Amino acid sequence: MSPRAPLIGGAGDPADVLLRDVRALDPRERIDGRHDVLVRAGEIAEIGAHGTLEAPDGAEIVDGEGRLALLPAFFDPHVHLRTPGQEHKEDLETGTRAAAAGGYAGVLAMPNTDPVLDSAPLLGSLREAAARQARVPVGFLAAITRGLQGELLSEMAELSEAGAVGFTDDGKPVADAGTLRKALQYQRLCGGVLALHEEDPTLSRGGAMNEGAVSSALGIAGIPTVAESTMVARDAALAGYEDGRVHFMHLSCAGSADAVAAAKQAGARVSAEVSPHHLLLTDEDVRSLDTRLKMHPPLTGESDRRALVEALRDGTIDCVATDHAPHAREEKEVPFEQAPMGTTGLETAFAALHTGLVLPGVLPLGLLVERMTAGAALFGLPLARIAAGAPANLTLVDLDARWVAGEHGWASRSENCCFAGRALQGRVLLTLAAGTLAHRDRAIALAGTA
Amino acid sequence: MNHLLSIEDLDRAAIERIVAQAERFAEVSDREIKKVPALRGRMVLNLFYEASTRTRSSFELAAKRLSADVVNFAASGSSVEKGESLKDTVLTLSAHKPDAIVLRTPWAGASELVSRWCSAAIVNAGDGKHEHPTQALLDVYTLHRRLGGLDALKIWIVGDVAHSRVARSDILAFQRMGAQVTVAGPPTLIPRGIDQLGCEVRYTLDELDSADVVYALRMQRERMSETWVPSLREYAAWYQINGRRLTPRQVLMHPGPVNRGVELSGEVVDSPQAVITAQVEAGVVVRMAVLYELLSGAGARAPGGEGAGDGERARPEPTAARDGDQDALLDIAESGVAAGRDA
């Protein structure tokens, strides 16, 4: 373990709130029912049957009317906060504001910034900035290789000591197997999960979307799904051989899920994430050539989408991660093939998955909550819990509220959300992160002070 | 018809209307005075982001024969080289209030994008490897003139289908006009899933004699450096249309410019089966018909457009959920990007 607290930020006044008559749902704590939940000084002080708890002096009261759902706050192990160097897309403040608005109480930021986060001094200054600016706690993954060049290892031990939660070259694969093997060996010294963006560049080169009937009809060079799945299989084998700990990022196809399942079966220490867009959208949606639907890995076919949902359901894929990737309007307002890869996702993840998977009965709500919180544990961080004595990492959601994504603008600095304009059901009203009030929807007034 | 963005947008009746109009213009072309006043006072802007001699000059000639004013804007040597975005270039040029913009770019979907940024009628003169609809229309026109129609014709499109916008537009247009299309070429140059467009796929020319029409695509030399095929020599041995493969009853087409000795042998280029120069001739009258359809036909927009600067249509802000949308969760609620093609 690193000597420094891995997550930083979210400092504010500790909240004193009585969440009265809410539907508290925490599958790990086996809670699902109407409760009063009292938060005092940023901690969950007491959980009682609804109508049993009184608000102490100075505490605010939120009335759940027996209807609003109180969930453990979500954790996103894969976001791009764009600081340093690309603050015109996002920064620590706006990115974590978007996280809070989406019900997240913790995020892990990717190191593909400018400059790349590959040195301890830079990590130190980022953590200082996060302490001042971040609305929810942020952890930083540092680069596996210097400058994301895929050749020389970054100073992983020093970075780990300076507080890096793990390592990734996200945005690019570690294409060279020998380099990744060295990182796996070095992991024995420095710890930290290696999070892997899997893509064989010799297969994906030049591609701008998934390879298939749609790319053929559009005349756009395709990226075959085997560009990802062959690398997942390769790196699962390497991790198994070195007994390393790897996490596969943003899986996009059935073949990758199969490779992860096989690796887990064989006892390798691997985990995996999937993004809301790969669970809900397909390359058919790309026919419109809407650049908000251009991301890495690309949206794949319907059979892949279904396989990913099934893999999330059965636990082959451990968690949901948004891969929140903001880009400025002018960067996305170009022809599809010219546009940068990425969609924002923090503000819509829960609502989109609730709408697309829970409401139609594909996934139970409790399972979705489990998968949207599980990312923390994969990186050795504490899980959000609805339990007395736990720090208040809580999300209050109106599961009936219908809204159109983007109708009130975005908390993020960027608006390149693949779900923009879609009708969603389920809205985050309140987020408590590390005991502080990180987000309050305009639709909810804290019903006075007792 | 407000724009010509892709063959996908055209039904058979629309294609037939354009072909019939082109036939009327062909009569004009045979006169001593080849100009008609149909589009006098209208402005056609040629905006080309890729080098093009024949398509651009064909459009220019078509516009001039209709008495329209023509402005040519080539991306090289312009503000584009100074980093101006496609959107800003279009908005700037729109200030001159062109009635039509003929657009060629190396990017799929660029014409549709531009159609949302300005009020001019947009004619797609090639968008990346996606479509080249006026080429397909002139190919239909040429076959119509030569064979009387396309119904039940067997048409083989041979060569580098993967990188060909002509192939995509032709597959759609030929099928829409009743023909059966087969694409043939090296497996590295036939994109996965192309059969979903309704065409057959072959990797050899063994059954080429079943074709009524053989449409050879240009084999671009730069594909060699990307090693799509082992050598042009081997390519020619397997896929060249030559006197041995072409039968006298078949019609030979090619979008030009021809690589003699690669996709076509010299003998077939000069053979009576070849309609390659007829295709070039057809280019002008078909493009006249397209401009006429867009700028003066029924449903054409008012002269001068409705004013430029309509750019906000590009990214409409989503509106609040309407009551009627209650069952359309996860559907796109805005009248936006996906649905907004042809208002």
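Search region A:200-222 for residues being assigned to a helix (DSSP H, G or I) and out of contact with any Pro (no Cβ under 8 Å at 6 or more places or on another chain), and hand back the single one that is farthest from A:HIS277 (Cα to Cα). Lay out the reasoning, then the answer.
Residues of region A:200-222 assigned to a helix (DSSP H, G or I): A:201-204, A:213-218.
This time we only want the ones that are out of contact with any Pro (no Cβ under 8 Å at 6 or more places or on another chain), so: A:202, A:213-214, A:217-218.
Values: A:THR202: 25, A:ALA213: 20, A:VAL214: 17, A:ALA217: 22, A:LEU218: 21 Å.
That would be A:THR202.
Would you mind telling me which numbered condition in (1) on the phi < 0 side of the Ramachandran plot; (2) without any contact (Cβ under 8 Å) to a residue 60 or more places away in the chain B:LEU113 fails?
The single condition B:LEU113 does not satisfy is (2).
Please find, among B:PHE25, B:PHE73, B:PHE59, the residue that is aromatic (Phe, Trp, Tyr) and either on the phi > 0 side of the Ramachandran plot or not in a helix (DSSP H, G or I) (or both). Even if it seems obvious, please write down each step before you answer.
Working: B:PHE25 fails: either on the phi > 0 side of the Ramachandran plot or not in a helix (DSSP H, G or I) (or both); B:PHE59 fails: either on the phi > 0 side of the Ramachandran plot or not in a helix (DSSP H, G or I) (or both).
None of the other options fit; the residue is B:PHE73.
Inside region A:341-362, can you point out the residues that are within 14 Å of chain B (Cβ to nearest Cβ) and of a type in the set (A, V, I, L, M)?
Answer for region A:341-362, where residues must be within 14 Å of chain B (Cβ to nearest Cβ) and of a type in the set (A, V, I, L, M): A:ALA349, A:ALA351, A:ALA352, A:LEU353, A:LEU357, A:VAL358, A:LEU359, A:VAL362.
Among the residues of region A:321-330, are any away from chain B (no Cβ under 13 Å), without any contact (Cβ under 8 Å) to a residue 24 or more places away in the chain and in a loop (DSSP other than H, G, I, E, B)?
Checked against the condition, which is being away from chain B (no Cβ under 13 Å), without any contact (Cβ under 8 Å) to a residue 24 or more places away in the chain and in a loop (DSSP other than H, G, I, E, B), region A:321-330 yields no hits at all.
To keep it simple, each residue is scored yes or no on (1) touching a Ser or Thr at 6+ places or on another chain (Cβ under 8 Å); (2) within 30 Å of A:HIS327 (Cα to Cα); (3) surrounded by fewer than 19 Cβ atoms within 10 Å (Cβ to Cβ); (4) not polar (S, T, N, Q).
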{"site": "A:ALA49", "(1), (2), (3), (4)": "no, no, yes, yes"}
{"site": "A:LEU53", "(1), (2), (3), (4)": "no, no, no, yes"}
{"site": "A:VAL62", "(1), (2), (3), (4)": "no, no, no, yes"}
{"site": "A:PHE74", "(1), (2), (3), (4)": "yes, yes, no, yes"}
{"site": "A:VAL79", "(1), (2), (3), (4)": "yes, yes, no, yes"}
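Can you pull out the helices (runs of 4 or more DSSP H) entirely within region B:151-246 that have at least 2 residues that are in contact (Cβ under 8 Å) with a residue 12 or more places away in the chain and within 14 Å of chain A (Cβ to nearest Cβ)?
Values: elements: B:165-176, B:222-225, B:232-239.
Result: B:165-176.
Only one residue in B:VAL181, B:VAL166, B:VAL201 is touching a Phe, Trp or Tyr at 6+ places or on another chain (Cβ under 7 Å), of a type in the set (Val, Ile, Thr) and under 24 Å from B:VAL140 (Cα atoms). Which one? Lay out the reasoning, then the answer.
On the way: B:VAL166 fails: touching a Phe, Trp or Tyr at 6+ places or on another chain (Cβ under 7 Å); B:VAL201 fails: touching a Phe, Trp or Tyr at 6+ places or on another chain (Cβ under 7 Å).
After applying the criteria, what remains is B:VAL181.
Where the second residue is part of a helix (DSSP H, G or I) and of a type in the set (Gly, Ala, Ser) and the first is touching a residue at least 12 places away in the same chain (Cβ under 8 Å) and within 12 Å of A:HIS78 (Cβ to Cβ) and lies in region A:253-281, which pairs have Cβ atoms under 7 Å and are six or more apart or on separate chains?
A:GLU273/A:GLY375; A:PRO276/A:ALA349; A:PRO276/A:ALA352
Is there a residue in region A:306-317 that is part of a strand (DSSP E or B) and either closer than 14 Å to A:LEU251 by Cβ or touching a Ser or Thr at 6+ places or on another chain (Cβ under 8 Å) (or both)?
Filtering region A:306-317 down to residues part of a strand (DSSP E or B) leaves none.
Checking region A:306-317: not a single residue is part of a strand (DSSP E or B) and either closer than 14 Å to A:LEU251 by Cβ or touching a Ser or Thr at 6+ places or on another chain (Cβ under 8 Å) (or both).
Please work out which residue is nearest to the chain's Cα centre (by Cα), limiting yourself to region A:270-303 and to residues that are among the hydroxyl-bearing types (Ser, Thr, Tyr) and part of a helix (DSSP H, G or I). Step through it out loud before you land on a result.
Within region A:270-303, the first condition is being among the hydroxyl-bearing types (Ser, Thr, Tyr), and the residues that meet it are A:271, A:275, A:282, A:288, A:291, A:300, A:303.
Remaining after also requiring part of a helix (DSSP H, G or I): A:288, A:291, A:303.
On the way: A:SER288: 26, A:THR291: 21, A:SER303: 23 Å.
Result: A:THR291.
Filter region B:209-244 for residues that are of a type in the set (Asp, Glu) and modelled with pLDDT under 95 and give the result. Don't jump to the end; show me each part of the working.
Residues of region B:209-244 of a type in the set (Asp, Glu): B:209, B:212, B:222, B:226, B:234.
Correct list: B:GLU222, B:GLU226, B:GLU234.
Is at least one residue of region A:418-427 surrounded by 20 or more Cβ atoms within 10 Å (Cβ to Cβ), of a type in the set (A, V, I, L, M), away from chain B (no Cβ under 13 Å) and over 17 Å from the mean Cα position of the chain (by Cα)?
no
With the condition being over 28 Å from A:PRO173 (Cβ atoms) and touching a Lys or Arg at 6+ places or on another chain (Cβ under 9 Å), I'd like the strands (runs of 3 or more DSSP E) fully within region A:64-138 carrying at least 1 qualifying residues.
Values: elements: A:69-72, A:74-79, A:104-109.
Strands (runs of 3 or more DSSP E) meeting the threshold: A:69-72.
Any idea which of B:ARG116, B:ARG192, B:ARG146 is under 17 Å from A:PHE336 (Cβ atoms), of a type outside the set (Asp, Glu) and surrounded by fewer than 24 Cβ atoms within 10 Å (Cβ to Cβ)? Give the steps one after another, and end with the answer.
Numbers: B:ARG192 fails: under 17 Å from A:PHE336 (Cβ atoms); B:ARG146 fails: under 17 Å from A:PHE336 (Cβ atoms).
Only one candidate qualifies: B:ARG116.
Checking A:GLN338 against (1) among the polar types (S, T, N, Q); (2) touching a residue at least 12 places away in the same chain (Cβ under 8 Å); (3) within 13 Å of chain B (Cβ to nearest Cβ): exactly one of these is not met. Which one?
Just one mismatch for A:GLN338, condition (2).
Identify, please: which residue in region B:112-150 is within 11 Å of the chain's Cα centre (by Cα) and more than 23 Å from B:ASN2 (Cβ to Cβ) and is, among those, farthest from the other protein chains (Cβ to nearest Cβ)? I'd like the intermediate steps shown before the answer.
In the first step, residues of region B:112-150 are kept if they are within 11 Å of the chain's Cα centre (by Cα); the result is B:123-139.
Checking which are more than 23 Å from B:ASN2 (Cβ to Cβ) leaves us with B:129, B:139.
Working: B:LYS129: 3, B:ASP139: 17 Å.
This residue is B:ASP139.
Could you please give the count of residues in region B:2-37 that are of a type in the set (A, V, I, L, M) and surrounded by 18 or more Cβ atoms within 10 Å (Cβ to Cβ)?
So the first thing to find is which residues in region B:2-37 are of a type in the set (A, V, I, L, M), and the list is B:4-5, B:7, B:10, B:13-15, B:18-20, B:22, B:26, B:28, B:33, B:36.
This time we only want the ones that are surrounded by 18 or more Cβ atoms within 10 Å (Cβ to Cβ), so: B:4-5, B:7, B:10, B:15, B:18-19, B:22, B:26.
The number of residues fulfilling the criteria is 9.
Are there any pairs with C-beta distances below 8 angstrom linking a residue in region A:385-408 that is within 14 Å of chain B (Cβ to nearest Cβ) to a residue that is surrounded by 24 or more Cβ atoms within 10 Å (Cβ to Cβ) and of a type in the set (Asp, Glu), with the two at least 6 apart or on different chains, and if so which?
A:ALA405/A:GLU347
State which residue is surrounded by the most Cβ atoms within 10 Å (Cβ to Cβ) when the search covers only region B:98-109 and only residues that are among the hydrophobic types (A, V, I, L, M, F, W, C) and within 13 Å of the chain's Cα centre (by Cα).
As a first pass, look at region B:98-109 and keep what is among the hydrophobic types (A, V, I, L, M, F, W, C): B:100-103, B:107-108.
Filter again for within 13 Å of the chain's Cα centre (by Cα), leaving B:102-103, B:108.
Details: B:VAL102: 33, B:LEU103: 26, B:ALA108: 27.
It comes out as B:VAL102.
Could you list all residues from region A:2-41 that are surrounded by fewer than 22 Cβ atoms within 10 Å (Cβ to Cβ) and among the small types (Gly, Ala, Ser)?
Listed by number, the residues that qualify are A:SER2, A:ALA5, A:ALA11, A:GLY12, A:GLY33, A:ALA41.
Given the criterion among the charged types (D, E, K, R) and touching a Ser or Thr at 6+ places or on another chain (Cβ under 7 Å), identify the matching residue among B:ARG24, B:ARG40.
B:ARG40 is the lone residue from the list that is among the charged types (D, E, K, R) and touching a Ser or Thr at 6+ places or on another chain (Cβ under 7 Å).
What number of residues in region B:96-111 are within 14 Å of chain A (Cβ to nearest Cβ) and outside any loop (DSSP other than H, G, I, E, B)?
5
I want to confirm something. Restricting to region A:139-173 and keeping residues that are among the aliphatic types (A, V, I, L, M) and part of a helix (DSSP H, G or I), which single residue is nearest to A:LEU7 (Cα to Cα)? Reasoning before the result, please.
Of all residues in region A:139-173, those among the aliphatic types (A, V, I, L, M) come to A:141-144, A:148, A:152-153, A:156-157, A:159, A:162, A:164-165.
Retained after the next criterion (residues that are part of a helix (DSSP H, G or I)): A:148, A:156-157, A:159.
Numbers: A:LEU148: 23, A:MET156: 18, A:ALA157: 18, A:LEU159: 14 Å.
Only one residue fits best here, namely A:LEU159.
The values are calculated or read from the model by the stated rules, or taken from the named source; none is laboratory data. Note that the coordinates shown come from a computational prediction; the quantities given were computed from them, not determined experimentally. Ideal geometry is used to build each Cβ from the backbone, glycine not excepted, and the neighbour counts take in all protein chains shown.
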